[in-house]
1. Evaluate region B:375-392: report whether one residue or more is aromatic (Phe, Trp, Tyr), surrounded by 15 or more Cβ atoms within 10 Å (Cβ to Cβ) and under 21 Å from the mean Cα position of the chain (by Cα).
2. From B:Ala302, B:Ala293, which residue is touching a residue at least 60 places away in the same chain (Cβ under 8 Å), touching a strand residue (DSSP E or B) at 6+ places or on another chain (Cβ under 6 Å) and under 19 Å from B:Ala411 (Cα atoms)?
3. So, in region B:211-228, exactly how many residues are in a loop (DSSP other than H, G, I, E, B) and surrounded by fewer than 19 Cβ atoms within 10 Å (Cβ to Cβ)?
4. For region A:68-84, which residues satisfy the criterion of being buried (at least 17 other Cβ atoms within 10 Å of the Cβ) and either within 8 Å of another protein chain (Cβ to nearest Cβ) or modelled with pLDDT of 80 or more (or both)?
5. What tally of residues in region B:300-313 results from selecting those that are surrounded by 18 or more Cβ atoms within 10 Å (Cβ to Cβ) and either closer than 20 Å to B:Arg361 by Cβ or basic (Lys, Arg) (or both)?
6. Just checking, how many residues over region B:25-38 are closer than 17 Å to B:Met1 by Cα, facing another protein chain (nearest Cβ under 8 Å) and polar (S, T, N, Q)?
7. Quick one: B:Pro22 ticks every box in (1) more than 9 Å from chain A (Cβ to nearest Cβ); (2) surrounded by 15 or more Cβ atoms within 10 Å (Cβ to Cβ) bar one, so which box is it?
8. Given the condition touching a Leu at 6+ places or on another chain (Cβ under 7 Å), of a type in the set (Lys, Arg) and in contact (Cβ under 8 Å) with a residue 24 or more places away in the chain, answer yes or no: does some residue in region A:21-44 qualify?
Amino acid sequence: MERVLKMAGEVVEPLYEIVSPLGRCTAKPIRSASPLTSFKGKTIGFVWTIFTNGDVLADIFADLLRERFDGIKWVKLPSGKTGKWGDYPHPDLADVIKDAEVDAVITLVGG
Amino acid sequence: MESARNSAEAAGQRNARLVEFPGPNIGVQSEADVRANAEVLIDRVIKSLTEEVVSGDTQLAAEPGPGDIVFRGTFSAVNDYLYKNSLTDGLPVVPPTPEKVQEFLKYTERSPDEILGILPPGRREATTWTVAVNGVMAGCRPEYMPVLMAITEAVADPRYSIGQSGSTSGWAPMIIVNGPIIHQLKFQSEGAVTRPGRRANTTIGRFLRLLMVNGARFLPGITDKATFGLNFFVVLAEAEHRSPWEPLSVSLGFKQGTSTVTVNSVLCVSYNFMTIGSAENQIGIIAEEASRALSQDPVLQAFGPERRHMLVLSPLVASILSGGGYSRRDIQQYLFENVGIPARQFDSLLQRFWPKETACRLAEQGKLPRSFCVSEDPDRIVPLMWSPDEFLIIVAGDPSRNRCFIATQCADQGLATTKPIDVPSKWEKMLADLYNYT
């Protein structure tokens, strides 16, 4: 509401009561997945958005995890069913991960 | 890191398992550097995946509802409050009082609570109410409300993919308006059409910037990860009354007389080049300039089958081309057949992004059409378009000048999306009362 307040004959600035320009937040709290008790024999997914060197990092991570844990299966995953270079992860990424039946997933964001 | 945390929280996940890869950008690191950094990082990755995340299910903080008063103060104090809370574009705004918002709501018959879309990455609802609030702040007039609604529906359409608006290239959306609304709301469509000055063009362009801040929550340097970033564009209204062709909206399948908005990403605006001579000469010049403009980033060719670059012709150039027998479609076809660059140049530019790739290798992988690799000759001309539809041809600007410009588009990021403008049933009378039309 806009008001012009007068104090002792002096005109002061109008006051404004304003509403928020933000839309309502649609987020619902998501509980994080339970942690792995061990990497041994697990299937680990690696999602990358096809940025330069993401594939290099995926291979190095795979090597480093295999050196530490026995029987690890390593799966490279796209950022969506039709993922292309530089894509913002597609909403169907969740399906990609579910279809891969991984125990945990590492996602490379940015680049 | 902050961007990833913000996006995760917007999706409802607090304390996501995040580990930061050491800089600089992994894309410029040697394989040895990537390995060295990975060796340091791997223990943190393992720890992150094997430790309980304690507050992933924490309730999100309560926020004010529509209509709740969030602040009271002078013009300066209101602007300071909004700026400090990352709710503006940095310019002063009109204070969004409930009374001002109600004035805007008179120009739509849709419920204030109607959700026009959810805008990622902030994943906030864009409702009729929030459109009105941001329209007030942008300095719009209340009767612009139907245009603001259509713009919001366009950017909320998955085809437009607003979630990619904060990408590295820093593209910005341009709004094109067609139909009777141009005259009704007094849009500028002729001289200096893309410069701030006319209220409808300028404030509606600014509205979209504010919607990106307050709806999608693109905050510069935080969730907006543009390397540099383009400023917002004022609305480009087509000079339909000066055009020899049907309005752009009709060429896109809308009925004559329907007002529309088209929102399209712009990566780069070319020099406003001059065309001379006959229609044949002029279209040849346009194809040369289009080859120059589209060769800047051939990687876009591999982003998928659709792009919608914009070729904006002054009315004079359009009339010369039309006089030479060229329809809009003829120009699109000509550009499709004549825009291209030598393969060695294409491959060299491509290899800035993918050091091992060539047009032929991408064609073999199905990421480019076969037309990009008709031979292995490095001097062959590689096309820069997948189809004639890739150019939107728009007539605007000073009617007497022989100038054009090209605005390149960012493929599936901000892909041109057109929506009809839904006006209230008493629109004509409302405008007549406002502007004293006879």
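The values are calculated or read from the model by the stated rules, or taken from the named source; none is laboratory data. These numbers were taken from a predicted model, which means no experiment stands behind them. Please note: Cβ atoms are built from the backbone with ideal geometry, for glycine as well, and neighbour counts cover all protein chains shown.
1. Looking through region B:375-392, at least one residue is aromatic (Phe, Trp, Tyr), surrounded by 15 or more Cβ atoms within 10 Å (Cβ to Cβ) and under 21 Å from the mean Cα position of the chain (by Cα).
2. Being touching a residue at least 60 places away in the same chain (Cβ under 8 Å), touching a strand residue (DSSP E or B) at 6+ places or on another chain (Cβ under 6 Å) and under 19 Å from B:Ala411 (Cα atoms) holds for just one of B:Ala302, B:Ala293, which is B:Ala293.
3. The total comes to 7.
4. Correct list: A:Ile72, A:Trp74, A:Leu77, A:Pro78, A:Lys84.
5. Residues meeting the conditions: 6.
6. 1
7. B:Pro22 satisfies every listed condition except (2).
8. yes
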